[in-house]
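Notes for the one structure printed next.
What follows is calculated from the coordinates using simple rules that are stated; it is not laboratory data. This one's a predicted model, so the numbers in the text were calculated from it and none came from an experiment. All Cβ positions, even for glycine, are placed from backbone atoms using ideal geometry, and neighbour counts span all protein chains on display.
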Amino acid sequence: MEVDVTDAVWRKSSYSGPDGNCVEVAFLAGGEIAVRDTKDRGRGPVLAFGPAQWRAFLADVSAGEFARG
């Protein structure tokens, strides 16, 4: 999915740590959700999710699917 993030308002995750491992999220006008690495600030890649994909991703995170073990 390609989205225009030119006018996106980015929010830094409240779970971001002081070590620079942070992400930012933007809720776009078309209903998509965009995610980027904070330290790249517009220079790096952006992941885009549709609303259903975003809910599934958040459910997987909450279930510990991406936890380091």
Query raised in the report: Residues of the stretch 41-69 being of a type in the set (A, V, I, L, M, F, W, C) and surrounded by 10 or more Cβ atoms within 10 Å (Cβ to Cβ), which ones?
Result: V46, L47, A48, F49, W54, A56, F57, L58, A59, V61
Report summary line: For the stretch 1-40 the number of residues that are of a type in the set (D, E), exposed (fewer than 15 other Cβ atoms within 10 Å of the Cβ) and more than 17 Å from Q53 (Cα to Cα) is 4
